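To start, I am sharing the structure in question, which I have written as structure tokens.
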Amino acid sequence: MSTASRHIEQSAPDRVVVTGRGVVSPLAPNWPDTWAALLAGKSGIRDITGFDVSDLPVRIGGEVPGFEPERHLPRHVVRRTDWTIQVVVAAARMALQEAGIEIDDRLAPRVGVAVGSIIGCTRVASRNAMAMRDEGYAAVSPQVFPTMGISSAAEVCLELGSRGPSAEMVAACATGTVCLGEAARWIREGRADVAVAGGMDAFDRLELAAAARARVLSRRTGDPTSASRPFDKDRDGFVMGAGAGVLVLESAAHARRRGAVVLAELAGYASTTDAHHLTAPAPDGSQAARAMRKALESARATPADVGYINAHGTGTRLNDDTELAAIRRVYAEHAHRVPVSSTKSMTGHMLAAGGAVEAAVVTEAINAGSVPPTLNCDAPEDPAVNFVAHEAQEHDVEVGVSHSFGFGGHNAVLVLRRWRG
């Protein structure tokens, strides 16, 4: 793990800092190993083995290896919960452990939880629908009704013991980023001192088939590690990924009082909506660009200050073109100076988890002085842009930005800054 920034030296009650990260990804079931794999340019995309894909046109994805829910949750909770709940609780526990926070009765009312999932607990619903079809009413578990709906924030609160504000937020592929940005607002408004925020998702036969039918997935079955190709001219769609990402946010004043080590400041956030099309981004990228500008303005930063952009970079034709157009619009001459990489080239698109995991990537880039690569960017759309192709690069990153853009025109951008107290 990289050396974090120094301890806080002065109070700044209206500022929000990151003190913990928890990640379960297609690269590893924890954050340190995920980061090491990203920096080494390893791919977590492989042939799918978790369910039958023999009759599907897409048979590759980013499944999660080595995750053992029993290490993070009691057995009875594992039995009654969907995998998405298990993985987000695990990520939350790991983030709190890195932050050095134990939620006791005194702190609990001041700890908020904001998490979200696009797909949700569909595995529980699907299993019980099939059981009812095959065996009748009595085969339906009494746990299905409270667990198959939007209940992940409540589940996280139950397991952590937090009693502050909680919400499950859904903003398509921008979900993890929106959860972080809105949780930061709770802290700035004085509604919480600490927030556990992020996203999680999983996929099964139905989700893979549905995305394949929508023609948004790469068809490079047989060549998994080369399938996710953000900003490459030969890209043909994204690769489905699974996992969870959670960050612990705190007010700077609270972190100072407990002597916390700060990983970065969450200095800016903005969200906008295209109102253009259910799946296609607005072709001019105007609202994505507006989210970028507003996030920088809220952080009191300029494009010239930015030392790294973690792009949404899905590897779909429309997303990459639109995102690149928005970057050019906002960054102007700096667009050819700042390194821009997509870690989805290695993790696949982790859906609601993506934005939170990618925010963790930015915190690490700030502290480590290294930027992870974009794999498979052999023929970049714009050769003048530094897409950090193939190998990590060393960069001094004072300010880093994370983009998340989703179906329905959801745009969300975070700005993170090195903490200097």
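The values are calculated or read from the model by the stated rules, or taken from the named source; none is laboratory data. As the structure is a prediction and not an experimental result, all values here were calculated from the model. So basically every Cβ, Gly included, is an ideal-geometry build from the backbone, and we count neighbours across all protein chains shown. For accessibility, only protein heavy atoms count, side chains too; no ligands or nucleic acids. Shrake-Rupley method; radii C 1.70, N 1.55, O 1.52, S 1.80 Å.
Pairwise over distinct Cα atoms, reciprocal of the mean inverse distance: report the Kirkwood radius of the range 214-357 in Å, one decimal place.
16.9 Å
In µm²/s, what is D for the range 57-97 at 25 °C and 0.890 mPa s, where D = kT/(6 pi eta Rh) by Stokes-Einstein and Rh is the Kirkwood radius from Cα pairs?
Value of D from the Cα-based Kirkwood radius: 215 µm²/s.
With +1 assigned to the C-beta of every Lys and Arg and -1 to the C-beta of every Asp and Glu, and no other charges, what is the dipole magnitude of the range 303-421 about the Cα centre in debye, to the nearest 20?
The dipole magnitude comes to about 340 debye.
Just name one of SER54, ALA114, PRO69: the one whose Cα is farthest towards the positive end of the charge dipole of the chain (beta-carbon charges, Lys/Arg +1, Asp/Glu -1).
Towards the positive end, the residue furthest out is ALA114.
Is the range 276-421 rounded, prolate or oblate when judged by the Cα gyration tensor, a ≥ b ≥ c being the square roots of its eigenvalues, rounded requiring a/c under 1.5 and prolate requiring a/b larger than b/c?
Cα axes put the range 276-421 in the rounded bin.
The range 235-265 to the range 302-350: how many Å between their Cα centroids?
A separation of 20 Å, based on Cα centres.
Taking the Cα centre of the range 74-177 as origin and charging only Cβ (+1 Lys, Arg; -1 Asp, Glu), how large is the dipole, in debye to the nearest 20?
Using only the charged Cβ atoms, the result is roughly 140 debye.
Here is a follow-up. Kyte-Doolittle mean at least 0.5 and Cα extent at least 15 Å along the axis: which DSSP H helices of the chain qualify?
What comes out of the filter, once short or polar helices are dropped, is 83-99, 354-368.
Could you give the C-alpha radius of gyration of the range 85-157 expressed as a fraction of 2.2 N^0.38 Å, taking N as the number of residues it contains?
On the way: Rg = 16.1 Å, N = 73, 2.2 N^0.38 = 11.2 Å.
Cα-based Rg divided by the globular estimate yields 1.43.
Could you do me a favour and compute the accessible area per residue for the chain, 1.4 Å probe, result in Å²?
Here the residues of the chain average 38 Å² of exposed surface.
In the chain, if the dipole is taken from +1 on Lys/Arg beta carbons and -1 on Asp/Glu beta carbons about the Cα centre, which of VAL87, GLY190, ALA244 is farthest to the positive end?
The residue sitting most towards the positive pole is GLY190.
Got a number for carbon plus sulfur as a percent of the chain's accessible area, 1.4 Å probe?
Here carbon and sulfur together make up 50 percent of the probe-accessible area.
Residues with beta-carbon under 9 Å from that of GLY161, excluding GLY161: net charge, scoring Lys, Arg +1 and Asp, Glu -1?
Here the count lands on -2.
Now a separate question. Counting other Cβ atoms within 10 Å, keep those with at most 10, restrict to DSSP loop, and tell me which GluC sites (Glu not before Pro) in the range 47-129 are left.
When the GluC sites (Glu not before Pro) of the range 47-129 are filtered for loop state and at most 10 Cβ neighbours within 10 Å, GLU102 remain.
Related question: Charges at C-beta only: +1 for Lys and Arg, -1 for Asp and Glu. How large is the resulting dipole of the chain about its Cα centre, in Debye rounded to 20? Mind dumping the intermediate values first?
Working: 43 positive and 48 negative charges, 133 e Å.
Result for the chain is approximately 640 debye, rounded to the nearest 20.
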